[in-house]
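Read through the structure below, which is laid out as structure tokens, and then see the notes.
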């Protein structure tokens with residue numbers, strides 16, 4: 001699952017070593033730290049972010065599936081904007097993410113319109 005929030009981008013997959021655990025990954029440390037901080041403030045979850053520089057996602061944290069589910073619900077509750085790309089543009093420190101999201105928006109729109 002890919003999740004984009006105004007705090008950045010994370011990817012979530014089942015932890016192959018622990019089926020009841022979700023491995024939350026990010027390409028940018030700050031994105032994962034923001035997700036963990038938001039999660040911790042809501043769930044009091046103790047997590048350890050691991051740096052994996054040679055992996056496809058350089059930052060990871062494992063968390064119990066139920067806590068991940070609650071964390072994602074918390075992200076949904078935090079939606080407070082009428083336009084996602086604009087919210088990222090005013091909230092996220094790296095403007096390149098807005099360009100990435102704009103490109104993705106255009107690609108998905110073209111896919112929608114393809115016959």
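The values are calculated or read from the model by the stated rules, or taken from the named source; none is laboratory data. Worth saying up front: this structure is predicted, and the values here are computed from it rather than measured. Cβ: placed from backbone, ideal geometry, glycine included. Neighbour counts: every protein chain shown.
Observations on the model:
- Criterion violated by residue 64 - all others in (1) over 18 Å from residue 11 (Cα atoms); (2) surrounded by fewer than 16 Cβ atoms within 10 Å (Cβ to Cβ) satisfied: (1)
- In the range 74-89, the qualifying residues are those that are in contact (Cβ under 8 Å) with a residue 40 or more places away in the chain and part of a helix (DSSP H, G or I), and the one that is surrounded by the most Cβ atoms within 10 Å (Cβ to Cβ) is 88.
- Within the range 32-55, if we keep just the residues that are touching a strand residue (DSSP E or B) at 6+ places or on another chain (Cβ under 7 Å) and within 16 Å of residue 5 (Cβ to Cβ), the residue that is modelled with the highest pLDDT turns out to be 32.
- In the range 92-115, the residue that is nearest to residue 28 (Cα to Cα) out of those that are part of a helix (DSSP H, G or I) and touching a strand residue (DSSP E or B) at 6+ places or on another chain (Cβ under 9 Å) is 97.
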